[in-house]
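The values are calculated or read from the model by the stated rules, or taken from the named source; none is laboratory data. Just so it is clear, the structure is predicted and the values come from calculations on it, not from any experiment. Glycine gets a Cβ as well: all are built from the backbone with ideal geometry, and neighbour counts include every protein chain shown.
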Amino acid sequence: MNIKRSIVLRVRIVFILIALATTAIPLRIAKIQFEQGDKWREKAQTINFQYREVPATRGNIYAGDGSLLATSLPFYRVALDPTMSKNSTFDEGIDSLAQLLSGFYKDKSAKAYKRMIRDARLEKKRYIVLNRRQIGYQDMQKMSQWPIFREGRLGGGVLFEKVEKRYRPFNSLASRTVGFINEDEYGA
């Protein structure tokens, strides 16, 4: 009989604790909502939300015999925030960086790249695309060792923006069955 009473006592204590917790939570919510509501609504107005679409990486599609019909390959767009690097790092590396960019892209002279980056830094531009051409993973790894770029995103300001491209080894063969998105972003 004594054991039964101790078990019943424990169950009642646990029940009372659970009942107190279930009433304390709604009371706390009501206190926050009604007493501190204006403060939190005002704070919510100051927070900036930025909604942006994040495209999903599409998977591989294989034929019945195991041959690859479609896959997604990563490419990168090279951009720079010229205001991120320190003055000493920038001044030491700008000449060689401009030379390397000119040799890699072969579209502008080293002077043109140097002028473009230096002007953007003087105008305090936070984002400049160095070239519209997209590069592969190996080129991105090689570029990340260049002067100023080697300092990284926060130290040097380099931004490698990933762009997924759909690759079909057999071109348009079975594209209607597999599915495709044309240049206008309109699917089959």
Specify which of the listed residues (Phe75, Phe15) is closer than 30 Å to Lys142 by Cα and either of a type in the set (Asp, Glu) or modelled with pLDDT of 90 or more (or both).
-> Phe75
Arg150, sole failed condition from (1) assigned to a helix (DSSP H, G or I); (2) over 26 Å from the mean Cα position of the chain (by Cα) | (2)
Among the residues of the stretch 121-142, how many are surrounded by 18 or more Cβ atoms within 10 Å (Cβ to Cβ), in a helix (DSSP H, G or I) and at pLDDT below 90?
-> 1
If you take the residues in the stretch 143-172 that are aliphatic (A, V, I, L, M) and within 18 Å of Asn87 (Cβ to Cβ), which one is surrounded by the fewest Cβ atoms within 10 Å (Cβ to Cβ)?
-> Leu154
Is the stretch 75-82 home to any residue that is within 30 Å of Pro169 (Cα to Cα) and touching a Gly at 6+ places or on another chain (Cβ under 8 Å)?
-> yes
